[in-house]
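Working notes, structure below.
The values are calculated or read from the model by the stated rules, or taken from the named source; none is laboratory data. Note that the structure is predicted; figures quoted are calculated from it, not measured. We place every Cβ from the backbone using ideal geometry, glycine too, and count neighbours over all the protein chains shown.
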Amino acid sequence: MYQLDSYQLIGNYLAIGWTDDHESLLSLSRLRDECPCANCQGEPDLFGRLHRPEQAHDKIDRSYELVDVQSVGRYGVQLIWGDGHSTGIYSFDFLREMCDCDQCQMKKVTGA
């Protein structure tokens, strides 16, 4: 389990420092587009079938503006977007998995 050490908004990116000294630079547009909430991604029923909302959230320019980051326990953060969307909880593991630096990509390929 990964642990977040610090974060900073840099332009259109969220820079994350991890307790293992790794750093991730995640684009706000990708973070918003991959919001893990049930309204954006859908949710499984009792039989495991994924049900997605019939109408996707229409995004506007402010949808990609990060206005606040709030801690959620010791496992994640809630991102508050300029359009008011705030139901996604981004676990630290989910955020680390989004890192697309060369080192993380190599780990994904090799399984190390």
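Structural remarks
- Every condition in (1) in contact with a strand residue (DSSP E or B) (Cβ under 7 Å, 6 or more places away or on another chain); (2) in a helix (DSSP H, G or I) holds for V67 except the one numbered (2).
- Selection of the stretch 31-48 for residues being in a loop (DSSP other than H, G, I, E, B) and at negative phi yields E34, C35, P36, C37, D45, L46, F47.
- Selection of the stretch 8-23 for residues being part of a strand (DSSP E or B) and either exposed (fewer than 12 other Cβ atoms within 10 Å of the Cβ) or of a type in the set (D, E) (or both) yields Q8, I10, E23.
- Residue that is nearest to V69 (Cα to Cα) [pool: residues in the stretch 25-40 that are within 12 Å of the chain's Cα centre (by Cα) and of a type outside the set (A, V, I, L, M, F, W, C)]: R32
- Tabulated pairs, the stretch 19-41, first more than 16 Å from D102 (Cβ to Cβ) and at pLDDT 95 or above, second assigned to a loop (DSSP other than H, G, I, E, B) and among the aromatic types (F, W, Y), C-beta under 8 angstrom, 6+ apart or interchain: T19/Y2; D20/Y2
- Test: residue in the stretch 76-84 that is surrounded by 13 or more Cβ atoms within 10 Å (Cβ to Cβ), farther than 17 Å from C40 by Cα, small (G, A, S) and in contact with a Ser or Thr (Cβ under 7 Å, 6 or more places away or on another chain): yes
- Residue in the stretch 70-84 that is among the charged types (D, E, K, R) and either at pLDDT 90 or above or touching a helix residue (DSSP H, G or I) at 6+ places or on another chain (Cβ under 6 Å) (or both) present: yes
- Extreme residue, farthest from R96 (Cα to Cα), among residues of the stretch 42-65 that are at pLDDT 85 or above and either surrounded by 14 or more Cβ atoms within 10 Å (Cβ to Cβ) or of a type in the set (A, V, I, L, M) (or both): L46
- Scanning the stretch 76-112 for residues that are over 16 Å from Q3 (Cβ atoms) and part of a loop (DSSP other than H, G, I, E, B) turns up G82, D83, G84, H85, S86, T87, G88, D100, C101, G111, A112.
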